[in-house]
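Structure record follows, encoded as C-alpha cells.
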There are 2 protein chains.
Amino acid sequence: MESTRTRIRRATINDVASAAGLSRGTVSRVVNGERYVSDDAKLAVEEAILRVGYVRNSVARNLVRQQSGAIGLIIHEPHSLLFEDPNIGSILLGANAVLSAADYQLVSLIIDSERDSRRVADYLQGGLVDGAVIVSARASDPIALAVKNLGVPAAFVGHPPGIPDIPYVAIDNAAAAEAITARLLGTGRTRVGMIACALDRDSGQDRLAGFKAAMGDLFDPGLVVEYPLYTYGFGLEGMQELLRRRPDLDGVFAASDAVAAGAMTALQESGRQVPEDVGIVGFDDSSWALRCRPQLSTVRQPADLLGKRAAELVLAQIKGLPSPAEVLETSVMWRGSA
Amino acid sequence: MESTRTRIRRATINDVASAAGLSRGTVSRVVNGERYVSDDAKLAVEEAILRVGYVRNSVARNLVRQQSGAIGLIIHEPHSLLFEDPNIGSILLGANAVLSAADYQLVSLIIDSERDSRRVADYLQGGLVDGAVIVSARASDPIALAVKNLGVPAAFVGHPPGIPDIPYVAIDNAAAAEAITARLLGTGRTRVGMIACALDRDSGQDRLAGFKAAMGDLFDPGLVVEYPLYTYGFGLEGMQELLRRRPDLDGVFAASDAVAAGAMTALQESGRQVPEDVGIVGFDDSSWALRCRPQLSTVRQPADLLGKRAAELVLAQIKGLPSPAEVLETSVMWRGSA
DNA sequence: AGATTTTCTGTGAACGTTCCCAGAGTAAGG
DNA sequence: CCTTACTCTGGGAACGTTCACAGAAAATCT
C-alpha cells in the first residue's frame, strides 16, 4: 500500500463556517440536524455547503465520537463455498436488514488467506467497526481471539467448539439430522448411507452424529463417506463411491442440498430411479432443493434469521443489554426425493 | 444507531510511552517498524505494549494520514442474484486477491434498499475508503454520482451506459453473444429463440443485440422472451413460454447459465431431447454449466479477472497512474448441449 | 582532534470533527 | 420591571495518531 498522489484538499467544516460567516459549531449543528439554530443560519450554512462542496469527514467524526456506526461481517469460507452455498447470501442479507434499520453500515470482510486473517483482525481491533458478526469461524482463528481480547461486541453464526464466552446463534444440526434420517427410515429403507462433509466444523460433526443416532443398530460405518466441503462435486463423487461400496443401497443422507444434488445426478446417471430405487434427503432447503427432479426432501434452515438474530445480538451488546445464545428451530420439508 | 454503554478506556500510545519511560514518538516508531530506534528502546516498548494491552487506534491513524488503506466493493444486486449468480463471488475473490497483495483491506458494501444506497454513498464520501470497485451499478445510482463528485478513485465492473469518465473493465457481451449464437446456427438449427434477461443493464441489452446480429434474416421477434433477472426460475418459465409459442423450436440462447439450466429442465420435462431435438447455449461458464446434463455449451467469462483488473484500476488511480478502460476476452466453450 | 555524518529521542503541530460551556440576546412569567 | 427560562452562537478542548523538526549522543571520516 503506497500513495504518491497528492489529493486535492477537501473542504472542511471550517471552510463552510467562514464561507457562511458563522462558526464551526453552528455548521456542525446544522449538519447533524440539531436544535437551537436559527432559520437564517441554517439557510446560510446550507448554501455555503453547496458552494464549497463540503462533505463530512467521517474519520474525524468517528475519532471524536469513539464509534464508527459500522458492523463487520466476517466470512471465512473456502473459495468454492462462496459460490455454492446460498446460505451465506441469506445470512448477509438478513444481517443487513436489521443493521440497516438501526442505521448501521454492514461491512463484509472476507478471509481467503493467512494474510487476510491478520489484516481483518487488525481491522476489527482498530476501532473501525463497533461490532462483528462472525460466520463460520474456525477455533484456530485469530479473529475470535482478537475479538475476545478487546471485548469487541460480537456474535457467531454457528457454534464453533472451543470458543466460549461469545454469544452465538445456531441451529441444532444433530437433532435436525436425526429427524430427517428417521423420516427417511420411515419410508422403509434399511441400507442407508451418508455423504458427510466439513467434519472440521461443528455443523459437519453434528449432522453426522445425528445420522448415527437415528440409524441406531442399522448404522454401518462403511456407508459413510467423508469430504471436506459441502459441494455439488463432492456429492457426485461421494455417491459414486457409496454405490461402489454397496450397489444395493436404498437411501442416502447428504450433508447439504448441494451435495444431495450432486448425489442425485450420480444416481440418475447410474440408471437408478429416485425415489423408487434410492431415497435421498438433504439439508438447508436452499434453492437447490426445488431445482432437483424430483424435488429434494430436506431440512429447512432459516438462514436469513440466523443473520438477523446474530446482528441483533451484536446490537444488544452495544446497548449493554443481555445477549443470550440462541438456537433456532428447523423443520423437515418433505418432497419427492424420498 | 445509539449507544448508551460506556466503553472501557483503551490504552493509548501515551500509556505505552509512560509505561516504557519513553516518548510517544519512539513508541510510534516501534509500532510502525521504522528505523532509528535502539534495541533497548524497542524491547522496552514491546514489553510495555504487552503489559498495558495496547492496540493501535486505526481511526486516529487514518485521520492524520488522510487515507484508510481500505477499498470498498459495492454490490447492488437484487436479492436473488446474491444467491444465484456465481460471478459475484468470483469477482469478489479476484478483487480481494490483488488488494490483499497490495496490503489493502477489501470491504464489501451491499445495497438492498434506497436507505442502503444513501448510507453507502456517505460511507464512500466520508474518507472511510481510499477507492471503490462498483459491481453492477445502475445509471440512476447515487453511488456513481457520489464517487464522481468527490473524485474517489473508482472502477466499474461492467459498463453501465450513461456514466462516462469512470474507468471500467468489461467483456464485449454483444460480440460474445453473436459468436455463440453463430456457433449454434452452425449446427444446422433454423428456429432459434432467446431467453433475454436484465434488459435494464448493459449486459442484458448487449447479449440481445448480439443474438439479433447473428440471426440476421432468421431473427423472429416473437421468439424472444424477456425477464428481469438472470435466474433459474425465469429460465424455466421462459422456455415453457417459448415452447408454447413455437413447439417446433430447435435452438435457444439463454442469457446466462442459470437461465439455461432452467430452460434445460423445462425442455426435458416437456419430453424433448437435448441436444437432439433442441440445442441450447448459455453464457458465463459458471459452475452451472458443468452441472447440467448434458453439459452446457456457453461463453466463458473470466469473472475473477474482472474483479482483479477492476481492483488494479483503482490502485492505479490511487498511485496517479493511467487507468484505461479494458475489455476482456471471452471464449466459446463448446460442450454437449448443442 | 576537529568536522561531519549517522543514529536516536522528544516535542509541537496537525488531521477534522464533536462536545461542552460561556455568554448574548429574546421571550415568557410574576 | 425584574427574574427566569429558553434560544442561539462562538470558541476551547479533546479524540489518538503521524510527521517534521530539533537537538543530543555516538560513530565515522579527514
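The values are calculated or read from the model by the stated rules, or taken from the named source; none is laboratory data. This one's a predicted model, so the numbers in the text were calculated from it and none came from an experiment. Heads up, the Cβs are rebuilt from the backbone with ideal geometry, glycines too, and the neighbour counts pull from every protein chain shown.
The residues of region B:57-74 that are more than 9 Å from DNA strand D (Cβ to nearest atom), of a type outside the set (A, V, I, L, M) and not in a loop (DSSP other than H, G, I, E, B) amount to a single one, B:72. Selection of region A:91-103 for residues being more than 7 Å from chain B (Cβ to nearest Cβ) and buried (at least 22 other Cβ atoms within 10 Å of the Cβ) yields A:91, A:94, A:95, A:99. Given the condition under 29 Å from residue B:61 (Cα atoms), of a type in the set (Ser, Thr, Tyr) and more than 8 Å from DNA strand D (Cβ to nearest atom), answer yes or no: does some residue in region A:20-30 qualify? Among the residues of region A:20-30, not one is under 29 Å from residue B:61 (Cα atoms), of a type in the set (Ser, Thr, Tyr) and more than 8 Å from DNA strand D (Cβ to nearest atom), which makes the answer no.
Taking the conditions exactly as written (under 26 Å from residue B:276 (Cβ atoms), among the aliphatic types (A, V, I, L, M) and assigned to a helix (DSSP H, G or I)), does residue B:196 satisfy them or not? Answer is no for this residue. Among the residues of region A:308-338 satisfying the criterion of being β-branched (Val, Ile, Thr) and crowded, with 21+ Cβ neighbours inside 10 Å, which is farthest from the other protein chains (Cβ to nearest Cβ)? Once the filter is applied, the top-ranked residue is A:330.
Of all residues in region B:5-14, those satisfying the criterion of being near DNA strand D (Cβ under 8 Å from one of its atoms) and either closer than 20 Å to residue A:152 by Cβ or buried (at least 16 other Cβ atoms within 10 Å of the Cβ) (or both) are B:9, B:10, B:11, B:12, B:13. Residue selection: residue A:127 fails the criterion of being under 17 Å from the mean Cα position of the chain (by Cα) and either more than 19 Å from residue A:160 (Cβ to Cβ) or at pLDDT 95 or above (or both).
Of everything in region B:220-238, what is surrounded by 15 or more Cβ atoms within 10 Å (Cβ to Cβ) and more than 14 Å from chain A (Cβ to nearest Cβ)? Give them in sequence order. Answer for region B:220-238, where residues must be surrounded by 15 or more Cβ atoms within 10 Å (Cβ to Cβ) and more than 14 Å from chain A (Cβ to nearest Cβ): B:223, B:224, B:225, B:226, B:227, B:238.
Considering the conditions (1) at pLDDT 95 or above; (2) under 10 Å from the mean Cα position of the chain (by Cα), residue A:77 is excluded by exactly one of them, (1). With respect to the conditions (1) away from chain A (no Cβ under 11 Å); (2) out of contact with any Lys or Arg (no Cβ under 6 Å at 6 or more places or on another chain), residue B:297 lacks only one, and its number is (2). The set of residues in region B:23-62 being loosely packed, with under 13 Cβ neighbours inside 10 Å and either within 9 Å of DNA strand C (Cβ to nearest atom) or among the small types (Gly, Ala, Ser) (or both) consists of B:25, B:33, B:34, B:35, B:36, B:38, B:39, B:40, B:53. Counting only residues that are of a type in the set (Gly, Ala, Ser), assigned to a helix (DSSP H, G or I) and in contact (Cβ under 8 Å) with a residue 60 or more places away in the chain, region A:234-267 holds 3 of them. Scanning region B:180-223 for residues that are among the aliphatic types (A, V, I, L, M) and within 21 Å of residue B:264 (Cα to Cα) turns up B:180, B:182, B:184, B:185, B:192, B:194, B:195, B:196, B:198, B:208, B:223.
This table checks each residue for (1) at pLDDT 85 or above; (2) within 26 Å of residue A:321 (Cα to Cα).
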{"position": "A:110", "(1), (2)": "yes, no"}
{"position": "A:134", "(1), (2)": "yes, yes"}
{"position": "A:146", "(1), (2)": "no, yes"}
{"position": "A:163", "(1), (2)": "no, yes"}
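Per the conditions (1) at the interface with chain B (Cβ under 10 Å from one of its Cβ atoms); (2) assigned to a helix (DSSP H, G or I), the sole criterion not satisfied by residue A:145 is (1).
Only residues that are under 27 Å from residue B:280 (Cβ atoms) and without any contact (Cβ under 8 Å) to a residue 24 or more places away in the chain were counted in region B:142-191, giving 2.
Scanning region A:104-121 for residues that are without any contact (Cβ under 8 Å) to a residue 12 or more places away in the chain and either more than 7 Å from chain B (Cβ to nearest Cβ) or β-branched (Val, Ile, Thr) (or both) yields a single hit, A:114. May I ask you to list the residues in region A:169-193 that are within 19 Å of residue A:306 (Cα to Cα), of a type outside the set (Gly, Ala, Ser) and in a helix (DSSP H, G or I)? Scanning region A:169-193 gives a single hit, A:173. Would you please name the residue that is surrounded by the fewest Cβ atoms within 10 Å (Cβ to Cβ), looking only at residues in region B:148-168 that are assigned to a loop (DSSP other than H, G, I, E, B) and within 14 Å of another protein chain (Cβ to nearest Cβ)? Restricting to residues being assigned to a loop (DSSP other than H, G, I, E, B) and within 14 Å of another protein chain (Cβ to nearest Cβ), the top hit is B:151. Residue-level check: of (1) closer than 18 Å to residue B:175 by Cβ; (2) touching a residue at least 60 places away in the same chain (Cβ under 8 Å), residue B:310 misses just (1).
Just the residues that are assigned to a loop (DSSP other than H, G, I, E, B) and either within 16 Å of DNA strand D (Cβ to nearest atom) or in contact with a Phe, Trp or Tyr (Cβ under 7 Å, 6 or more places away or on another chain) (or both), please, taken from region A:75-93. Residue satisfying the conditions is A:85 alone.
Only residues in region A:62-76 that are of a type in the set (Val, Ile, Thr) count as the first member; pair them with residues that are within 9 Å of DNA strand C (Cβ to nearest atom), Cβ under 9 angstrom, at least 6 apart or cross-chain, and list the lot. Short answer, once both residue conditions are applied: none.
List pairs: first residue in region B:22-43 and within 14 Å of another protein chain (Cβ to nearest Cβ), second residue within 9 Å of DNA strand D (Cβ to nearest atom) and in a loop (DSSP other than H, G, I, E, B) anywhere in the structure, Cβ distance under 7 angstrom, at least six positions apart or on different chains. From residues that are within 14 Å of another protein chain (Cβ to nearest Cβ), the pairs are B:31/B:56.
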